[in-house]
Each structure stands twice: as C-alpha cells, then as structure tokens.
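To start, the structure under review is shown below, and the notes come after it.
The values are calculated or read from the model by the stated rules, or taken from the named source; none is laboratory data. In this text the structure is predicted, and so the values were computed from the model without any measurement. For neighbour counting, all protein chains shown are included, and Cβ atoms are generated from backbone atoms with ideal geometry for every residue, glycine included. For accessibility, only protein heavy atoms count, side chains too; no ligands or nucleic acids. Shrake-Rupley method; radii C 1.70, N 1.55, O 1.52, S 1.80 Å.
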Amino acid sequence: MMLTELTIAAAQAGLKRRDFSAVELVGAHVAAIERLNGRLNAFITVTADEAMDAARRADAVLAKGEAAPLTGIPLGIKDLFCTDGVRTTAASRMLEDFVPPYESTVTANLLRDGAVFAGKTNLDEFAMGSANINSAFGAVENPWKRDGDADTVLVPGGSSGGSAAAVAASLVMGATGTDTGGSIRQPASYCGIAGIKPTYGRCSRWGTIAFASSLDQAGPMARTVEDCAILLQSMAGFDPRDSTSVDCPVPDYRAACGRDLKGMKVGIPAEYRVAGMPADIEATWDKGIAWLRDAGCEIVEVSLPYTKYGLATYYIVAPAECSSNLARYDGVRFGRRVPAPSLDEQYEATRRAGFGAEVRRRILMGTYVLSAGYYDAYYLRAQKVRNLIRRDFERAFQQVDVLLTPTAPSPAFAQGEKMDDPVQMYLNDVFTVPASMAGVPAMSVPAGLSANGLPLGLQIIGRSFDEESVLAAASAIERAASFTHRPAIRAEVV
Amino acid sequence: MSYVIEGRTGPWELVVGLEVHAQVISQSKLFSGASASYGGEPNTHVSLVDAGFPGMLPVINRECVAQAIRTGLGLEARINLESRFDRKNYFYADLPTGYQISQFTHPIVGEGAVEIELADGSIRTIGITRLHLEQDAGKSMHDQDPTRSFIDLNRAGVALMEIVSEPDIRTPEEAGAYLRKLRMILRYLGTCDGNMEEGSMRADVNVSVRKAGEPFRTRCEIKNVNSIRYVMQAIEIEAARQVEIWESGGSVDQETRLFDPARGETRSLRSKEDAHDYRYFPDPDLLPLVVEEAWVESLASFLPELPDAKRQRFQTEYGIPRYDAGVLVAEQATADFYETVARGRDPRLAANWVIGDFFAALNRTGRTIQDSPITADGLGGMLDLITDGTINGKIAKEVFEDMLETGESAAAVVERRGLRQVTDTGAIDAAVQSVLAANQDKLAEYRAGKDKLFGFFVGQVMKAMAGKGNPALVNEALKKVL
Amino acid sequence: MSLDPATVRRIARLARIGIDESDLQALQGELNGILGWIEQLNEVDIDGVEPMVGTGHAALRMRDDMVTDGDARDAVLSNAPDAAGPFYTVPKVVE
Ligand SMILES: [Mg+2]
Ligand SMILES: [Zn+2]
C-alpha cells in the first residue's frame, strides 16, 4: 500500500511502529503535491521545505516515543487560517502579500498536537462561493471525472474546495476547512470525502479570517469519518480570546465513531424532499435511511417548516456581516493599497482592485440590507426568521437525535455551469445552510455515486454540542456504504 | 434663571443637550489587553485586535463594565442588566476595523439625573438619557508630512463612556455647571479623571433655539469641544448664528459643526457631511452583556460618598454654611483634608482656615493638597494651639506662613520664635499703663465720650506686646482702667 | 424593492468600493436578482418573534483588567503598505 493511501488512523499506528518514518510519509505527500498541484491548483502556497523540516523533528519525537496525536501527519490548511510567518491570502488580491505575525488558535492546536502543514489550500475569495471559482489564485479542479469524460473540468465545491480536492487526491491526509453556509460539507460531498462542521462555538474563530462571524465555524476534512474525529479532537476546545467560543469539555470523538446506534432516533425532514431533486440523490438518501434502520435506528418523519427560508435568510445575514467584517481591508495597516490623492479615493480604488466580483457584490448587498430605511425590512426580518429556523431544529431534536438529509442538491458540476446567475450558484447550499443558521453540528459523508459516476454525500445534523451522535451515525453510513471509489486524479496514479 | 437671545423678531430661548465622552479609568482597553494609559511612544499601546488585523476578536474588560455601572449608580440612573454591543460602520483613517463597537439600541445605563447649582443659588435638575460603553478612535496627525497624515492607534480601543443628557439645558452657564458637576461625580467615583486637556473628557454640544412655547427646532451638533469655557462660548456663538438664520427667513440644517475658538465661530464639517448612514447592527463577535444584580449591588455598596451627599452631611454634621460645604466638597481630596482638620475640633474654625488661608496659600504657591507642606494634621495642630490659648488668631497667621515655608509643625514654630500668647495679667497691666501714659490726649477724648477709641487702645496694647497678648485679657484689663 | 442606479452608487460609496459607470448596469441587475429572490421572506409571519442574537444562549464572558498585549510595534507595522517611522499613513486628511 502506498503511504498516500493511508488513513490518519493507520498512519498514526504505522509511525508509532516505525513501519515508516515521518520523513517518508510527509515526503510522499510533498512529492504528490509537486506532481499534481500544478493541475489541481489545490494549494495557493506550498510549504514543502518547512514540512520536511517538521517531518524530521517529528521523527526525532517519535524516536523518543513521545508522539503527540498528530505527530508527523501532513495536513493542508485552508488559506483562511492565519499562520505565523506564512503568507495568508484568503484567496484575495487584497491579501496577496499578507504575512500574519500570529497563528490562529485552530492551527496552533494542530501544531501543538504534532501536525505537519504541507501548505495553504485554495478557496473561494474570503470563503464566498460554492465552486471555488472565486479565487484570485485561479479555480481549483475537482480530481473526480464523470464516467467516460476525462476532459470536462469539474468544480470541487466551495469555499473549502482546495482542501477537499487536496484530501480527495491524497495530496494530504486531512485538511482544515471553514463552513459558513456549507463550505466544508458541500465540497466534501463533491469530492467524495468526509467533513464536519462542528457546533458554532466549538472551534475558536481567533485568527481565522472572518466572513460572517455569527456563522463561521472551522472543521476538519478527511477521507474517513474517524480521521475527521481525530482532527476535530485537536482543533476543538475553549479559547478565551473568542467571546463566542463555548467553555464545555471536548468529548472523545474517535470513540464516538464506534458507538452502537441501537435506539438512536433519526429524523427525516419532509421539507428536504424538494421538487426536482435528481433521482440518484433521492435514491442515495433512501439507501442511507435503510442503512441506519439496519443499524438499529428508529426512523422518524419530522418537519422543519422554515427550512425553505434558510437560504434567503442566509443571503441577508451573511452579506450584512461580511460588509462590516471586510471594512478593515482599507489599504492602511496591511494588505493591498492602490495609492490615490485623497483618502476616500484610495479606499475606493484599493477595495475595487483588491476584491473580486463576488466579494464586491456581497459587500454591496450587505451594505444595502443594513442601510437606513432597509434594516428592518431585510436584516431584522432575516434575524427573526433565523430564530424560527433555529426553533425548527430545537423542536425536531425533542423528537430525534440526528437528522439525515442529502448534503447537496447535485453532484459536482462543470466549471462554467451555473455561473451567470448568482442565485443559481447560491442554491447549491440549500441543504447545508439551515444547520449553519441554527449553529448545530453537521457532517457530510460519502454515500454513493451519481448516475454519471460522481460522489454524493449524505448529511447528518445533530444537536448543539452533540458531535458524537453525528460522528456515530456518519460512521454507520460509512461502514454500510463501503465507499471505496477514488477520484481519477490522485497521488497513487502516475 | 432665564437666558434670552434678543432677536429682531423678539426673544429666543436656547435648548442644549450634551453628549460627553468620558475616558474610563482602566489598565487595559475595552476589548483588548493593550495598555489604556495616556501617552506612550506611537503605536506601542496597540494590539493586533486594536489594529483590526484579520481574524482578531474582541473580548470585553470586566473593569470597564464595572466603571460604567459605578458611573450609572453615581448618576442615580437605571442599570440595564442586559445590554448589547452594536457596530457603527463608517470609514475613517483612525478607525482600524471600519466600525466602532458601541451600544446603540441597548445601553448599559438608562435614565438618570444630575443636580446643578447656579451662581444665584438656584438648583436645576438635568436629565440623563443614557450612558453607554464604546471604543475610542486613534489619532491622526496632519502636520508631519506634506502629502500624508500619520496615524497613531495608541488610543484606538480605549474605553469611553458616552453620557447623553436630555435637552434640558437652557443657558451657557447651566452647560458649564452641568459639565463641572459631571466631572466632579466622575472623579469622586474614580471612573474618569476628567482631564479635558488630555482629551479624557470631551463634549458634543447639541444646540437649537426656539420661541417660547414652541416645540424643538432643528439642532446642530458641535463636535469634540474640549474645555468647559469653549462649550459655553460655542453655545453662545452657535445660538446667535441660528437666530440670525431663522430671522433672515432661512432654516437651520441639521449638521455636524466644529468650534473654532481662535476665530470665535462654528463651521460645518463638510468632510463628514455626506451620507451619515452608520448601518448599526448587533456585533456578531460579542454576545449580549448580562450583569448580575448581585454584582451591581456589590459595586453600589463600595461606592464612595458623592458630592451632594457629602455637602449635605457637612452642613448638618459640621454646621457650616451650604456655600462653604459646596466649596469643600468640590474635590474629594479637599473634602478629606477638611474632615481631617475638623475632626475633634471646631468645624467652623476649620472651614474658615481651609477655605481661607489654606486655599489662598495653595493658589499663591501653585501647589496642590497632595504636595502642600502643611498637612491636614499640621493645620489641625495649629488650630489646637489657637483653641487652647497658646496663640491668638493674629499670631496664628504668622505661624501659618512660617509653616508653609519651613514645613515645621505649629508647636515648633511657636517655640522657635517665642510666639506663645501672653496671659500674665501683670505684664498686660504694665503694657496698658504705658500705653495710657503715652496717649494722655486720646485718653481724655475717650473719657469725654468718644467710645470708638477703645479699639485704638486695644491695638496699641497689642502692638506694645508684639501681638502676643491674649486679646480677651487685654480687653478686660483696658475696660477696668478706662 | 428594487435598486435604481443612484442607490447602487450610494451603497458603493458607503462601502467605499469604486465602481465604473460601465459596471453599473450589470451590478444593478445582479443585485436586483438577489433582492427579488430574497423577497420570499416577506411571506413569513414574524409577529412577536424576537430576532436571533448570537447563536448560543450564553452571555458575554468578561476578561480581567490587565495589560497582556501591545508593545509590539514591529509586528503591528510589519504589513503596513506605507509606514513612516512608527506611524501608519494615509493621504493627507483635511478637516
Ligand atoms: Mg455624538
Ligand atoms: Zn460616542
């Protein structure tokens, strides 16, 4: 077996047994990145030398028998997490040359546990997008191909598309993502990997570049549910530097993956059965229901009546927050500056040149919905509807332990599709946004293939701070699905 | 007390409300761990949070919240157990994040009141609308470079309390009295040092004019006035400007203006004129601020006695006049000084000395109570010598001056200079005899009925005794022979 | 509600994003498309519903008043596009 095909769980054991060294493990991944990144464009910045140095240090630690949970494990870091001394761009021209003098809490936690960073992964600019086509550093290619069509370039989903593609193609063993309205789950689904957005407040937002503060949440992406659990164990935890971080103990996530599901109640929300859903997605969902029933779960029909307003609510709340969060990019203290004779002209020139079209559009949208005379009609109304959406979930979780839905309404689409109308693009997040609005944990797990051979994910949504049930249900689906399909482009294929 | 602006069309009434920005006394900033202290090399009291770096987040300082609550209690205001932080969005060179974190819809402190006393002795109550916590901005410097302004963020993020008054103020004098009273309360509470020169207290002045009985007319806001005198001047000048506009058939535009004391005018801040649309919304990086009732109660229980209560107590406990009590409580340090002097002594005598000779001496020598060579105990010791008859009032003045210069105790000065009062009746009688002998003519006039000359003889005797005669005994001896 | 060109210009000005006249029409179309789509929220009965504040039910945590940060001018200025000595700079602001 090639080193790049290992799971994190298997690699941990192999490193400990000294079956292979960290230098070999990291080296294999670095070589894969060097070979494939030119095509996939999954990384904006590759830190190969630093990674190999870290691998050598990891071997020294392993030799002393002092391995931490992630010692020697090569990861990709979404280029939205600030990394001390390593350029952090948010895939924006605005931050092309930005080198943070600080390390985000999430990445610091991973480093504390021995992880090796292979580089910074591509994303939609400031995490705004669902196809990874909004990157100042170019689009990311999904390593999967439609059956019998090796030429069409598919999108990896977004915004954590670089992370998803890198993990799917085995350029790294796992990666960090961030999820504001589905940015971990939807690309995981498109790339045939697992990804979990934990409960809002579970992972610190400190040092992660903000898109929409009340929604942003970091989470892991990996090829197995257990690997996600291992990474989340390190990433999660209370951080006094984030006022929205919740001080509550982090349970043993890896153990949760093996939990017996007997007696678990699984809700199937009627409203997710939308008109025009592709038959293969419907079929995959039905298979998921059957697998969980076979695992001993009780299947319950539930209703989330306000779900259908999730997306429209999201496209008010998220732009509003982003219009304010991105005001700091003004060309004064860091980032791009386009000089102009007056301060206002400089602001306007800098922000026009520094932000891409989608970011500018969302800032304008957010500015509008907060502006005098429109605040009540848009922002305030949206925050009220958001409360109704949250109550939907609270009510559902009085009846059931988790909810099961498809992750996305379609498999990965081709670059160039859905791109002329922003609303069409926004609809990709229709199933992932409601959980974001409510702040509850949700995970995508690969469950099958579409009619044309592309991966399809199922989404498990849980109660606040009950990632364990989510991981347990996802693991059961993973076992039942025995999803062993691999993308066309991957490290093992020379 | 009425203040009327006489226009061509008749009298106009003045309507003023004040928004005071008071810098909170704390070690660190409102939402970051950087130092809140004044001064410091440029951009050294700055954290990455203050500079608005990507991914930086605010965490609130408990002491700043406590200071706001203390101030609210001192203003007899309602404390809101739940309040919120909102973002006020606008672009400016010294505003690093592009928004100021403030409290727009749910301030931490609600309605309160401040009582002011005017020169004619009348008392008015000025309503407080609210007090909220917010961040200060940084500082722009415009004169270091021909084409650029320089930005120092040391002050960015320091906690401010914005204290908003009702439009209850009707004269420039009331505005001055209100600001002085507010500053006094803040200083007593230890929540703001009230230092207007360093900018730790600034006022936005909302001014309008109207005919008696009318509803309010359009107001203008004069921004960031940094002395009480300027506030009073700005009000007068702005009100005159508005009267002139109304009377010449125009109408006042609601706008932000700047007071230029050098030119004695207010002028429009055109740079900020366009589109005031702050797009307030709740800051999603912060949760609602919830304070426990018990905490508020505990803060209340440690509150110092405030000026009004103290003046009341001084009047009743020490039996001194309202005016004197008012002077003594103007500063916490003065009041403490007085109480130390007065304790166990004649409180009126103490008040006269503190307000009279002591304050005059501080003024004259440019000293403060803290670095005065005469301590409260020292002054008290001197009063003891007066009371027990060791020195008389006149010699006391001499002793006081000596103490001021040498820092010695009153007893030491009296000893060194032999200023002990003479109570030996033999010595006094001898002095009386020699004065009478030397002034036979005056004695004759006195005996012929010119009673007023009694004072003359007292003076002569005291003079002969180098001021050290016991005045009562001298009087008695003179009465006997005359 | 639908945006006219003047409103698009006004919000671009508020957001300090320069827009060319040539962008205006396309931008207006896109924004109106999104606005038209989010109008669906108007059918929701929100009478008596409180707006969501934060995502949790927790209250704000407070930190102790200690100086724990700052005194890092080099770090603070390290990314400045045009620092002058210890200062950030902007084009001269005239008041
Ligand atoms: Mg104001
Ligand atoms: Zn203010």
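Overview of results
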read-out	value
Phi to ³J(HN,Hα) by Karplus 6.51 cos²θ - 1.76 cosθ + 1.60 over the range C:34-47, Hz, x for Gly, Pro	5, 4, x, 5, 7, 4, 3, 5, 5, 7, 7, 7, 10, 4
Solvent-accessible area of residue A:313 with every protein chain in place, 1.4 Å probe, in Å² to the nearest 10	0 Å²
Hits among lysines - C-alpha to C-alpha of residue A:384 under 18 Å, sequence gap 8 or more where chains match	A:308
Cα pair distances of the range B:305-417 binned at 5 Å [whole percent]	2, 12, 24, 24, 19, 12, 5, 2, 0
Distance in nm between pseudo-label sites at residue B:216 and residue B:269 (7 Å out along the Cβ direction from Cα)	1.8 nm
Inter-chain Cβ neighbour average for residues A:374-385, partner chain, 10 Å	5
Residue pairs, from the table A:120/B:139; A:197/A:418; B:223/C:92; B:310/B:394; A:120/B:88; A:78/B:88, whose Cα atoms sit over 27 Å apart	A:120/B:139; B:310/B:394; A:120/B:88; A:78/B:88
Descending semi-axes in Å of the protein assembly as shown, equivalent ellipsoid built from Cα gyration tensor	74, 32, 26
Dipole in debye (nearest 20) - the range B:26-145, about Cα centre, beta carbon charges: Lys, Arg +1; Asp, Glu -1	440 debye
Derived scalar couplings ³J(HN,Hα) [the range A:240-255; Karplus, 6.51 cos²θ - 1.76 cosθ + 1.60; whole Hz; x for Gly, Pro]	x, 7, 10, 5, 9, 6, 9, 8, 9, x, 8, x, 7, 5, 5, 4
Net +/- balance of residues flanking residue A:354 in space, Cβ distance below 9 Å, scoring K and R +1, D and E -1	+4
Local electrostatic count, residue A:298, Cβ distance below 15 Å [Lys/Arg +1, Asp/Glu -1]	-1
A versus B: buried accessible surface, summed, Å² (probe 1.4 Å, to nearest 100)	2700 Å²
Inter-chain shielding of A:241-253 (mean C-beta neighbours from other protein chains, 10 Å cut-off)	4
Average partner coverage of C:16-27, which counts Cβ from other chains inside 10 Å	5
Rounded to the nearest 20 debye, dipole of the range B:305-417 from Cβ charges on Lys, Arg, Asp, Glu	300 debye
Interchain or long-range residues, amide H under 5 Å from residue B:109's placed H	B:80, B:131
√(5λ) per eigenvalue of the Cα gyration tensor, the range B:11-70, largest first, Å	31, 15, 13
Furthest towards positive pole of dipole, B:256, B:232, B:269, structure part the range B:190-327, Cβ charges	B:232
Sequence-distant residues sharing a close amide H with residue C:84 (under 5 Å, placed H)	C:89
Solvent-accessible area of residue A:84 with every protein chain in place, 1.4 Å probe, in Å² to the nearest 10	90 Å²
Note, ³J(HN,Hα) from phi for the range A:161-175, Karplus 6.51, -1.76, 1.60, rounded to Hz, x at Gly and Pro	x, x, 4, 5, 5, 5, 6, 4, 8, 6, 7, 9, 8, x, 8
Signed unit charges on C-beta, dipole axis of the protein assembly as shown, positive-most listed residue A:177, B:12, A:160	B:12
Ordering of A:270-282, C:31-43 by packing [mean C-beta count within 10 Å, highest first]	C:31-43, A:270-282
Built amide H within the under 5 Å cut-off of residue A:448, gap 5+	A:456
Cα gyration tensor category, rounded, prolate or oblate, for the range A:358-494 with a/c compared to 1.5	oblate
